[in-house]
Amino acid sequence: MDTALRVAVEEDNPAIERIEELCVKCGMCSKVCSDYIGVNKRYDLAKSGSAICTYCGQCTSVCPTDSLVVKSEIQAVQAAVDDPDSIVIFSTSPSVRVALGELFGEERGGFVEGRMVSLLRALGGDYVLDTNFAADLTIVEEASELLERITKSTGPLPQFTSCCPAWVRYCELFHPDWLPHVSSAKSPIGMQGPTIKTYFAKKNGLDPKRIVNVAVTPCTAKKYEIRRDEMNAAGRYHGDESMRDMDYVITTRELAQWAKERNIDFAALEDSAFDRLMGDASGAGVIFGATGGVMEAALRTAYSFATGKTPPSMMFDLQPVRGMQDVRTAEIDFDGLPVRVAVVYGTESADKFISKVMETGETYHFIEVMTCPGGCQSGGGQPKPDYDAIDQTRQQRLDSLYRRDASLAVRMSHENEEIKALYETFYGKPLSELAEAMLHTNYTDMSGELGEKTMKYRCKVCGYIYEGDELPQDYICPLCQKGAEVFECMEEPKCCCKPALAGTKTEKNLAAAFAGESQARNKYTYFAEVAQREGYEQLAEIFLHTARNEQEHARLWFDLLGGINDTAANLLAAAEGENYEWTDMYAAFAKDAEEEGFPEIAAKFRMVGAIEKTHEERYRKLLSNVQMQQVFAKGEMAMWECRICGHIVVGTHSPESCPVCHYSQSFFEIRKTNY
């Protein structure tokens, strides 16, 4: 199959299927998947052996003949409704309520929440809950995680949002090195499912084994997400391996189709309210459906948590992150702490933007990524767009979500009374042990699905990138017309790169060599001090000279072990090393010393361990300064002293260079008065 003509779709794809006889090979699916999603052009079907898909469903939205369609789960849900032993619980995502009416001939962007709830009851739902509630829950967990990363360096920055399953899978496939940046917080649907089968079930006296959870979403990728192996937290909680957190997903289009098959008159339905306990949501939960909405919601709560204050009014109408541009950036002042954020939609745009951020080292603390244009309100399961009014439709849906947010009394996730009750009676607090087990997840490097890796070569003159197994010797750059000699390999091929050291004898030998040379360097330094005291200056210098040799030998082996990185990574490694020393190493050493009858040595082990604790705290504060760009800039007035000539400058920033001795900014420090 030529994937340049149309996307490949496997039979076991959980979200999408092809009706072969309807395909006219127009190329629309291939174009959107390559140009906007960025998947189709990033793999070779001949190498992968099977189709690579992030399940976003945008191909179904652009297919003019309905050859590509959402894989329906209507029959399975109907069977659950018909089963008298099943308790069917529907949970509805924010964007469904601003698009469902369009499928019944109503105005674009109309807010039909009340009739949507009535429709789900008419279709046989025993309970109808609001996934906006879980959006609030996601914000509380994700904002807490963000602040932990910023203030305690518990993970790398920037933190990426994790509520879009197509984006998460994109990272797992094409950028597994980015996975540590992805928030561990599950998506709202990922949190809604296990909370229903534990907390909600207990509060309502329901047997969790009888519950059939059905998510109603704008998103086809949710069909994949709920089937991920790790999405069984409720099963782990109850000791039932067969229990899934969420059982089925039906999209907005499926819901309308189901209603029409049942001859339900949507226009005639009266408004109905969600069921209690998990039916209330803040305005912050509502705007999850808009691009920038997750960011705005998270910043409201993160600001409150960080400062203890109500956010300024501009954070309830955060224009820099709103709108339909595919990339938007902003800097928010957290009461003297600058937080830089970005909002991106389209995984192709996200790839370009984040790759640039990673290459340049530009500081961002939080980046929201949504795969679909304008966010979830344009998901692959939403009404197929009328291309004559596609931008207008998307904007009307966004406006509807923002109007709903503005109309609500509670507009911050952590102030939702039902969320407060959930923490008080079940989860305890954000990031608690139970919250981590039920509401957080992990990610997997899936790049192996792509098959053999293709090499990339960059032209050093114009930046053009050539992709292929090997750059031909006679290759000419199509842009600047320079030859192969000006190209550089962006990634070393497997046959040329350093062999993987993990688990090898060589790795152990390098570690032993590093330890030996490091010990020798320290010993010779101590020996030099003794020689100086005894009057042997020449011998002292020989000891020191040899110590410097050993230091360079140690550096060589440590570098080969991958131990030397940029300053931020080095500070994190230092903090983690100090943490191990005071929490584990010296505590164990002291215990052994006491058991063997050496109490004085045990006491010294403990005293040094206490010192290592302060070292860890110092390194983490320094790391925070580096990540927050506050090494040479503070949120308040400070006295800066040039370490070379002593010149003093008062201000929030140190100067670019000293006006007296002309040494650079790197030689300035906060003046200390420790005497």
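Readers should treat all values here as calculations from the given coordinates under stated rules, not as data from a laboratory. Predicted model only: the values in this text are computed from it and were never measured. Reconstructed Cβ throughout: ideal geometry from the backbone, glycine too, with neighbour counts over all protein chains shown.
How would S654, S349, S95 line up from fewest to most surrounding beta-carbon atoms within 10 angstrom? Working shown, then result.
Values: S654 23, S349 17, S95 31.
Arranged by neighbour count, lowest to highest, S654, S349, S95 become S349, S654, S95.
By how many nm would the segment from V650 to T310 lengthen if fully extended, with 0.36 nm per residue of separation less the alpha-carbon distance? Intermediate values should be presented prior to the final figure.
Working: separation 340, 0.36 × 340 = 122.40 nm, distance 3.12 nm.
Stretched fully, the V650-T310 segment lengthens by 119.3 nm.
Which length gain, in nm to one decimal place, applies between S664 and K31 when the Cα-Cα distance is subtracted from 0.36 nm times their residue separation?
222.9 nm
Using a 10 Å cut-off around each Cβ, can you sort M231, M438, M637, M585 from fewest to most neighbouring Cβ atoms? Write down the numbers at each step before the final one.
On the way: M231 20, M438 25, M637 8, M585 16.
Going from sparsest to densest Cβ surroundings: M637, M585, M231, M438.
7 Å from Cα along Cα→Cβ at both E470 and T154: what's the point-to-point distance in nm?
5.0
Tally the DSSP beta bridges in the chain and give the antiparallel ones as a percent, rounded to 5. List each step's numbers first, then the result.
On the way: 29 of 51 bridges.
For the chain, the DSSP antiparallel bridge percentage is about 55.
Quickly estimate the mean residue ellipticity at 222 nm for the chain, helices only: each DSSP H run with n ≥ 4 gives -39500 (n - 2.57), and the total goes over all residues, rounded to 500. Before the final figure, lay out the partial values.
Values: 23 runs with 267 residues, N = 675.
Helix-only estimate at 222 nm: -12000 deg cm²/dmol.
With angles folded into 0 to 90 degrees, how steeply does helix 347-360 sit against the dominant principal axis of the chain? Use alpha carbons for both and round to 10.
Once rounded, the angle reads 10 degrees.
Give the shape of segment 1-153 as rounded, prolate or oblate, defined through the alpha-carbon gyration tensor: a ≥ b ≥ c are the square roots of its eigenvalues, a/c under 1.5 means rounded, and otherwise the shape is prolate if a/b is larger than b/c and oblate if not.
Values: a/c = 1.88, a/b = 1.26, b/c = 1.49.
Oblate is the answer for segment 1-153, as a/c is 1.5 or above yet b/c matches or exceeds a/b.
Quick one: check the C-alpha center-to-center distance for segment 434-486 versus segment 359-394, whole angstrom.
A separation of 25 Å, based on Cα centres.
Among the listed pairs K31/K222; K197/K429; K25/K71; K604/K634, give every one whose C-alpha distance is greater than 30 Å.
Values: K31/K222 23 Å; K197/K429 19 Å; K25/K71 20 Å; K604/K634 38 Å.
Check vs 30 Å cut-off fails for K604/K634.
If you take mean projected area of the Cα convex hull in nm² from the coordinates, which of (1) 33.2; (2) 39.7; (3) 31.2 do you get?
Correct label is (2).
With a cut-off of at most 11 other beta carbons within 10 Å, and DSSP calling the residue loop, which GluC sites (Glu not before Pro) in segment 500-584 qualify? Please list them. Spell out each step's value before the answer.
Working: sites: E507, E517, E529, E534, E537, E541, E550, E552, E576, E578, E581; in loops: E534.
Taking segment 500-584 and a limit of 11 other Cβ atoms within 10 Å, the loop GluC sites (Glu not before Pro) found are E534.
Using only the alpha-carbon atoms, how far is helix 165-174 inclined from the longest principal axis of the chain? Give it as 0 to 90 degrees, nearest 10.
Value to nearest ten degrees: 40.
Cross-link candidates for K505: which lysines have Cα within less than 29 Å, leaving aside residues fewer than 8 places away along the same chain?
Cross-link targets: K453, K494, K523.
For K508, go through the aspartates and glutamates and keep the ones whose alpha-carbon is under 12 Å away, minus same-chain ones fewer than eight residues off.
Straight-distance partners of K508: none at all.
Students often forget the sequence filter, so: which aspartates and glutamates lie under 17 Å Cα-Cα from K672 once same-chain residues fewer than 8 apart are removed?
Qualifying aspartates and glutamates at Cα under 17 Å: E636, E641.
Between K460 and A512, what is 0.36 nm times their sequence separation minus the Cα-Cα distance? Round to one decimal in nm.
Details: separation 52, 0.36 × 52 = 18.72 nm, distance 3.94 nm.
So the chain would gain 14.8 nm between K460 and A512.
How far, in degrees from 0 to 90, does helix 293-307 lean away from the longest principal axis of the Cα atoms of the chain, to the nearest 10?
Helix 293-307 and the main axis of the chain meet at about 50 degrees.
For a test of the definition: using alpha carbon positions, the gyration tensor, and the 1.5 limit on a/c, classify segment 291-418 as rounded, prolate or oblate. Walk me through the numbers before you get to the answer.
On the way: a/c = 2.36, a/b = 1.17, b/c = 2.02.
It comes out oblate by the Cα gyration axes.
Taking R0 as 56 Å, what's the FRET efficiency between E541 and E488 from their Cβ-Cβ distance, rounded to 0.05? Numbers along the way, then the final one.
Details: r = 43 Å, r/R0 = 0.78.
The value I calculate is 0.80.
Can you give me the distance in nm between label points at K429 and R262, each placed 7 Å from the Cα along the Cα-to-Cβ direction?
4.4
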